[in-house]
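Before any comments, here is the structure.
The values are calculated or read from the model by the stated rules, or taken from the named source; none is laboratory data. Here the structure is a predicted model, which means the values were calculated and not measured. Positions of Cβ are backbone-derived with ideal geometry, glycine not excepted, and every protein chain shown enters the neighbour counts. Note: accessible area is taken over every heavy atom of the protein model, side chains too, but ligands, DNA and RNA are not part of it. Shrake-Rupley method; radii C 1.70, N 1.55, O 1.52, S 1.80 Å.
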Amino acid sequence: MTSRIIGTGSYMPAQIVTNDDLAKVVDTSDEWIAGRTGIRQRRIAVGESACGMATEAARRALESAGIDPEELDLILVGTTSADHCFPSAACEVQGEIGAVNASAFDVSAACSGFLFAMNTMQAFIQSGMYRTGLVIGVDCLSKLIDWKDRGTCVLFGDGAGAAVLQASDTGICHTMMRSDGTKWRVLSCVSRTNGNLLNRKTPELGYLYMDGQEVFKFAVKRVPECIDQVLKESGTAVEEVKYFVLHQANYRIIESVAKRLKQPMDKFPMNMERYGNTSAATIPVLLDELNRSGKLNFGDKIVLSGFGAGLTWGATLLEW
Ligand code: UT7
């Protein structure tokens, strides 16, 4: 028994912010941003909330799967930028879509959030505990960014993607997830706090901090390693894989992974040019685009791989 993806959906905010728009507020240029990252524009949530984006992506995924919300046993949301400290974004989405028979909670693994949530869903379904689940990756990092810091503000965008998983004989073949908590500082964001009665702390602003070069070095080492591992452990040759759907942070990271795996770039679809790095949403949004454009056929072998704050990283091999 395993689980398979039976439907996908995504939602991107309406407002487009181009590199030229950003060059008006910080000392940067389209040439620098596109040349170093591959990003040309991103979507920024103005009227949309994280829960609203996740809910819309979820509705589209359920429609594509052809199932009713009442059939869901479990809802997992990978996010680090939910609208509320509590309850979970997953419970908010559950309420919005009317998934009255599900339990729901969030998975906090930053940009690896969707992958970690999907692998967790797979474990629940494989164990026989649940049959049908909804996995969402949503982030709204625009509200955590210091818009005066050109080193980070040009990189990220907002959005949501979702997938419905169901018990099946074929589908997810192999998964791996890893973390290195000794490196948590290289990509982090302080929780906003008001202090308390006794310590009277001054409220801190929780801006996102990133040591870009450390994260870059980590990604180009760990991503090919974990992909190699899932392929080896499942007895799959790298040539058998049709697409590598990787976290969309930087095209140079993806080029480096392709080189290390000795695979052609056309096996590595990308959309960071249009959306930037949407954190937990990048993988399900790209998967939804591939699915809706008819590029995925039954039995195709696909590798998903995410990496991000924690540090966290992982890979999943599945048959479409
Ligand atoms: O999903 C989370 C995972 N995050 C990532 O995967 C990010 C991984 N890291 C990266 O993608 C890259 O490290 C960045 C794109 C963030 C930065 O690229 P880089 O080639 O590592 O640049 P750098 O940080 O070494 O900066 C080079 C120069 C610096 O100027 P000096 O010191 O050489 O004069 C920076 O101040 O570029 C400058 N710089 C900029 N210039 C124009 C930094 N940001 C900008 C900017 N526009 N936006």
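Of the chymotrypsin sites (Phe, Trp or Tyr not before Pro) found in the stretch 128-168, the ones in coil according to DSSP and having at most 16 other Cβ atoms within 10 Å of their Cβ are 147.
The stretch between residue 169 and residue 260, if pulled fully straight at 0.36 nm per residue, gains 29.5 nm over its current Cα-Cα span. Helix content alone sets the calculated 222 nm mean residue ellipticity of the chain: runs of n ≥ 4 DSSP H residues at -39500 (n - 2.57) each, divided across all residues, give -10000 deg cm²/dmol.
At the listed q of 0.08, 0.11, 0.14 Å⁻¹, the Debye profile of the chain, built from one uniform point per Cα, gives log10 I(q)/I(0) equal to -0.33, -0.64, -1.04. Counting only residues at least eight positions apart within a chain, or on another chain, the lysines with an alpha carbon under 23 Å from that of residue 148 are 24. Rounded to the nearest percent, how much of the accessible area of the stretch 29-118 (1.4 Å probe, protein heavy atoms only) is carbon and sulfur? C and S fraction of accessible area: 49 percent. How big is D for the stretch 2-168, in µm² s⁻¹ as a whole number, if Stokes-Einstein is applied with the Kirkwood radius of its Cα pairs at 4 °C and 1.567 mPa s? The diffusion coefficient I find is 79 µm²/s. Partner aspartates and glutamates whose Cα lies under 15 Å from the Cα of residue 183, excluding those fewer than 8 positions away in the same chain, are identified as 211, 214. By DSSP, the beta bridges lying fully in the chain are antiparallel in about 70 percent of cases. Which log10 I(q)/I(0) values does the stretch 38-95 give at q = 0.13, 0.15, 0.22, 0.24 Å⁻¹ under the Debye formula, counting every alpha carbon as one identical point scatterer? Normalising to I(0) and taking log10 leaves -0.41, -0.52, -0.94, -1.04. Per-residue extension of 0.36 nm, minus the Cα-Cα distance of residue 100 and residue 20, leaves a gain of 24.3 nm for this segment.
Normalised radius of gyration (Cα atoms, divided by 2.2 N^0.38 Å) for the stretch 92-191: 1.29. Of all segments of the chain bounded by trypsin sites (Lys or Arg not before Pro) found in a DSSP loop with no more than 12 other C-beta atoms within 10 Å, the longest spans 25-147.
Using a probe of 1.4 angstrom and keeping all protein chains present, the accessible surface of the chain works out to 44 square angstrom per residue. Checking the cross-link pairs 232/295; 143/301; 217/262; 143/201 against a 29 Å limit on the alpha carbon distance flags 143/301 as lying beyond it.
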